[in-house]
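Down below is the structure, laid out as structure tokens.
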Amino acid sequence: MVEALVKGLILGLLLGVSVGPIIFSILKQSLNNGHRGGYAFIAGVSVSDILLVLICNTFTQLFDAVMEHELIIGICGSSLLVALGIYNFFFRKVQTAENGMVMINNLRKRDIAGIFFSGFFMNTLNPGSFLFWFAATATISADSRLMDHPQQYRFIVFLTALLFNLSSDTTKVLLANKIRLKLTPHNIHIINRISGFVLMGFGIAIVVTMLIRNAHAGKL
């Protein structure tokens, strides 16, 4: 199904190039923890995306019930972003070897698991992820009604989108690690502070936007 592949690629492209807290966190993890940290983070994000797609397509009533608590989810997600931003801005340290080069953290299994779950929860608690997949599901479901094999059509669209987004995130990790070899500890420290500032900004912007939206809707 060419049309399903094209729409899946468009969805994946929209998700892959969108500028949000995820892309900055991918770069941060890759710069500080090497490719293992970057891959662990995007694995958590991908599992979260798969879960959201399944919820949107299979448990629509559950998804509607979850979205009734959008403000609570948004506040939790925003708090996570702000907390990570504060840590990166004020407390993240750059480790260096004896030769002055930036040293990659020696990650243990529990460190990998922690990075994985940070990616999972950051993406899951981001209202933008919920809204993106909800809007995509509504659009693709409407299109699928015009197809001879609607279930296969939806499967190909979402599988293509998820794989494209995963490959996009993998490319970001590879590029970050190539850039990392040319960075000094001072430059990485600046990047960590910028990343922290951006994460705090996204977190505050999300919760303020949701409070304004709910106030206009009369829910506050």
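The values are calculated or read from the model by the stated rules, or taken from the named source; none is laboratory data. Predicted model only: the values in this text are computed from it and were never measured. Ideal geometry is used to build each Cβ from the backbone, glycine not excepted, and the neighbour counts take in all protein chains shown. Each accessible area value is taken on the protein alone, full model and side chains, heavy atoms only, with ligands, DNA and RNA left out. Shrake-Rupley method; radii C 1.70, N 1.55, O 1.52, S 1.80 Å.
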With a 1.4 Å probe and all protein chains kept in place, how much accessible area does residue 209 have, in Å² rounded to the nearest 10? 70 Å²
Accessible area of residue 36, 1.4 Å probe, to the nearest 10 Å²? 120 Å²
Label-to-label distance, nm, for residues given as residue 107 and residue 143 (7 Å Cα→Cβ offset): 3.4 nm
Sequence of 47, 173 when ordered by accessible area, the most exposed leading, probe 1.4 angstrom: 47, 173
Would you tell me the accessible area of residue 179, worked out with a 1.4 angstrom probe on the heavy atoms of the protein chains, in Å² to the nearest 10? 90 Å²
Kirkwood Rh and Cα-based Rg: tell me the resulting Rg over Rh for the range 137-177, rounded to two decimals. 1.23
For the range 104-178, the Kirkwood Rh over every pair of distinct alpha carbons, in Å, works out to 15.0 Å
Roughly how many nanometres apart are two label points built 7 Å out from the Cα toward the Cβ at residue 179 and residue 58? 3.7 nm
